[in-house]
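What follows is a single structure, written as structure tokens, with notes after it.
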Amino acid sequence: MRAVGQVLTTFLCAAYATGTIIQSYNPVPIYTESGYFSLQANGVRVPVHAFDGYAYAHFSFGDGPVTLNITSKQQTSISSFSISPTRLGLDKTAVISANSISVTLAKPEYLIIHSSGVEELILAADPLETNVPPSSGTGIFNVVSQYGADASGTKSSTTAFQNAIRAAGARGQGSIVYVPPGVYPVGNLVLPSDVSLYLAPSSSLRFTANSSEYTTDWKKTSQNLNGTEWIRTAPGSRNIKIFGRGTIDANGKYAQQTGKFIAHAVVPLNTTNFVFDGPVIRDGGSWTLVPTRSSYVTINHAKVFNRMNLGENDAVDVQESQHVVVKNTVAISLDDPFSTKTWDATTDIAVSYPGVPQPIYDVTFSNCLAWTHCYGFKVGQGTLQEQAKIRFEDSTVYDAAVGLGVHHKWGYATAEDIQFKNMAVEKLHGNNDGHQTWLAVFVQEGHPGEIGTISRVNVENVRVLTRGTTAALVQGVDGALVSNVELRDVWFQDLERVATTLAEMSITQTNFSSNVVVKG
């Protein structure tokens, strides 16, 4: 966190003289304005939403730089602040004036800003929408004007949405189900092949947690709750897209604590050529954005804002899928924000999945930002089928218990060919199963005798600003080794240089491992 005395006073707000286009979105009426922050982008007001322990703002810009002015409404002055990802260097160019921070972005970024004494502010600046469909016309199926959905949010719009989706599916050919601004409580939505779902700015789909309105697809044993795949793809489907600047609200706190019925919010399930681009997903009561038994999946510009006091609310979990790219995404959750998992046919959540269990292969997480009480970026838990060729790159852990991890628990298959490259671990706090560390690559026996190996892990060009209070792990168990782990160019802030030994990296737990080497 940078002290105010270091601010550069020569900062110029040149963005006001450019042709920058700002797209600011009217707030959804069911969401509360932040009492801590206000925001302007090149002088344009951007709504800031209050949430669980943090606030967030979402807007788009393009055709030039933008100067953001963030005001901390409950402070008269700002003594110190930080802007994550620190690799962008924005905290070095930002300017403080009393209780405001001004910072200029050359291009859209996702940021976490922390001013001492108040909660964090998440700024989600997207590129301009360039593919906005018309609200009517050939191939457009408007849930309000054509199918009678109630945009006020006072009654269910399930029938209208399902009728629109059914008609769009019958036409195919890239048909678009168009959701105008408004609040829409809806049941299960199953998207067929060659159909897109467009969420206009200021629209919100809302999970009701009324089990009578949903299929019961599984029981989560660890939560002792039934749940559903809320918005999902049809089995065997292809060429489906969910896009726009609206919100998908899983209503997780209510679902867990009152409705006692939870949801996986968005589930590309047994599909191929799926794209998710742009919407906010918030308040997951269980795993949130969950590609499952699918191939050629692209998740881009996702913003997953979950609670930090609600368990088992993983943000992005890739399950049993191949050729998946998750990029330009921010994920905040108590549980793991970015992870990969595989199961067998008897696993509680997997019993209704179509097809047979599949391996994970060729999954990339790129330019992502994580904040959690658990692992920032992780392979596992759940390796009952092979996991291979998994890449985490150009991404940042803002804060976590464990920064980067391969946690082989629950399963006997191999996890191999895993890379963490161009990563940053900025802060660590608390612990996860007794671990608070920048790196944990280890095997843990879940059920008796259920163990598997980890092999070919590459950790390269990682910036560690906080190493944690417990040892880093590269550790197997008797009968399941961790092998062929290469660490290269791992820089530690407390050393002010690249570490050259395992000890300098705090890697002191290496039982049942082989060929663990430091290079570079």
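Of note, residue 198 does not satisfy the criterion of being under 22 Å from the mean Cα position of the chain (by Cα) and not in a strand (DSSP E or B).
Which fully enclosed strands (runs of 3 or more DSSP E) of the stretch 404-520 have 3 or more residues being over 30 Å from residue 343 (Cβ atoms)? It would help to see each step written out before you state the result.
On the way: elements: 415-425, 437-443, 454-464, 472-475, 482-492, 507-509, 513-519.
Output list reads 454-464, 482-492, 513-519.
Does at least one position in the stretch 82-99 carry a residue that is of a type in the set (S, T, N, Q), under 21 Å from residue 424 (Cβ atoms) and out of contact with any His (no Cβ under 9 Å at 6 or more places or on another chain)? Walk me through how you get there before you give the answer.
In the first step, residues of the stretch 82-99 are kept if they are of a type in the set (S, T, N, Q); the result is 82, 84, 86, 93, 97, 99.
Filter once more, so that each one left must be under 21 Å from residue 424 (Cβ atoms): 82, 84, 86, 93.
Then keep just the ones that are out of contact with any His (no Cβ under 9 Å at 6 or more places or on another chain); that gives 86, 93.
Within the stretch 82-99 (the criterion being of a type in the set (S, T, N, Q), under 21 Å from residue 424 (Cβ atoms) and out of contact with any His (no Cβ under 9 Å at 6 or more places or on another chain)), the answer is yes, since at least one residue qualifies.
Condition test on residue 429, is it in the same structural domain as residue 473 (by TED's automatic domain parsing), surrounded by fewer than 18 Cβ atoms within 10 Å (Cβ to Cβ) and within 20 Å of residue 347 (Cβ to Cβ)? Don't jump to the end; show me each part of the working.
Details: in the same structural domain as residue 473 (by TED's automatic domain parsing): yes; surrounded by fewer than 18 Cβ atoms within 10 Å (Cβ to Cβ): yes; within 20 Å of residue 347 (Cβ to Cβ): no.
No.
Residues being assigned by TED's automatic domain parsing to the domain that holds residue 189, surrounded by fewer than 24 Cβ atoms within 10 Å (Cβ to Cβ) and part of a strand (DSSP E or B) are entirely absent from the stretch 284-293. The selection criterion, being in a strand (DSSP E or B), of a type in the set (S, T, N, Q) and surrounded by 24 or more Cβ atoms within 10 Å (Cβ to Cβ), does not hold for residue 298.
Residue count for the stretch 228-251, restricted to those that are assigned to a loop (DSSP other than H, G, I, E, B) and within 17 Å of the chain's Cα centre (by Cα): 4. Total residues in the stretch 22-80 satisfying the condition of being touching a Ser or Thr at 6+ places or on another chain (Cβ under 6 Å), in a strand (DSSP E or B) and more than 29 Å from residue 152 (Cα to Cα): the figure is 6.
Checking the conditions here, which among 480, 415, 424 is over 27 Å from the mean Cα position of the chain (by Cα) and assigned by TED's automatic domain parsing to the domain that holds residue 377? Walk me through it before giving the result.
Working: 415 fails: over 27 Å from the mean Cα position of the chain (by Cα); 424 fails: over 27 Å from the mean Cα position of the chain (by Cα).
Only one candidate qualifies: 480.
Hey, among 243, 261, which residue is touching a helix residue (DSSP H, G or I) at 6+ places or on another chain (Cβ under 7 Å) and in the same structural domain as residue 323 (by TED's automatic domain parsing)?
On inspection, the qualifying residue turns out to be 261.
Examine the stretch 252-264 for a residue that is under 19 Å from residue 333 (Cα atoms) and in a loop (DSSP other than H, G, I, E, B), and state whether such a residue exists. No, there is no match, as no residue in the stretch 252-264 is under 19 Å from residue 333 (Cα atoms) and in a loop (DSSP other than H, G, I, E, B). So which residues in the stretch 107-149 are out of contact with any strand residue (DSSP E or B) (no Cβ under 7 Å at 6 or more places or on another chain), of a type outside the set (Val, Ile, Thr) and farther than 24 Å from residue 170 by Cβ, if there are any at all? Those that are out of contact with any strand residue (DSSP E or B) (no Cβ under 7 Å at 6 or more places or on another chain), of a type outside the set (Val, Ile, Thr) and farther than 24 Å from residue 170 by Cβ: 107, 117.
Answer yes or no: is there a residue in the stretch 462-481 that is touching a Lys or Arg at 6+ places or on another chain (Cβ under 6 Å) and either more than 15 Å from residue 383 (Cβ to Cβ) or free of Cβ contacts under 8 Å to residues at least 24 places away in the same chain (or both). Yes, there is a match, as at least one residue in the stretch 462-481 is touching a Lys or Arg at 6+ places or on another chain (Cβ under 6 Å) and either more than 15 Å from residue 383 (Cβ to Cβ) or free of Cβ contacts under 8 Å to residues at least 24 places away in the same chain (or both). Annotation: of all residues in the stretch 115-136 being in a loop (DSSP other than H, G, I, E, B) and among the hydrophobic types (A, V, I, L, M, F, W, C), the one that is surrounded by the most Cβ atoms within 10 Å (Cβ to Cβ) is 118. List every residue pair whose Cβ atoms sit under 7 Å apart, with the two residues 6 or more apart in sequence or on different chains, where the first one lies in the stretch 483-507 and is loosely packed, with under 14 Cβ neighbours inside 10 Å and the second, anywhere, is of a type in the set (Lys, Arg) and in a loop (DSSP other than H, G, I, E, B). Taking only residues 6 or more apart or on different chains, the pairs are 494/467. Working only within the stretch 137-152, note down all residues that are of a type in the set (Gly, Ala, Ser) and in a loop (DSSP other than H, G, I, E, B). Listed by number, the residues that qualify are 137, 139, 145, 148, 149, 151. Residues of the stretch 329-359 that are surrounded by 20 or more Cβ atoms within 10 Å (Cβ to Cβ) and either among the basic types (Lys, Arg) or outside any loop (DSSP other than H, G, I, E, B) (or both): 329, 330, 331, 332, 333, 338, 339, 340, 341, 342, 349, 350. Can you pull out the residues in the stretch 87-99 that are surrounded by 18 or more Cβ atoms within 10 Å (Cβ to Cβ) and not aliphatic (A, V, I, L, M)? The one that is surrounded by 18 or more Cβ atoms within 10 Å (Cβ to Cβ) and not aliphatic (A, V, I, L, M): 91.
Residues checked against (1) surrounded by fewer than 23 Cβ atoms within 10 Å (Cβ to Cβ); (2) within 30 Å of residue 172 (Cβ to Cβ); (3) in contact with a Lys or Arg (Cβ under 6 Å, 6 or more places away or on another chain); (4) of a type outside the set (Val, Ile, Thr):
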site	(1), (2), (3), (4)
211	yes, no, no, yes
220	yes, no, no, yes
237	no, yes, no, yes
243	yes, yes, no, yes
250	no, yes, no, yes
255	no, no, no, yes
275	yes, yes, yes, no
305	no, no, yes, yes
309	yes, no, no, yes
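The values are calculated or read from the model by the stated rules, or taken from the named source; none is laboratory data. Remember, it's a predicted structure, so these values are computed and weren't measured experimentally. In this analysis, Cβ positions are derived from the backbone assuming ideal geometry, glycine residues included, and neighbour counts consider all displayed protein chains.
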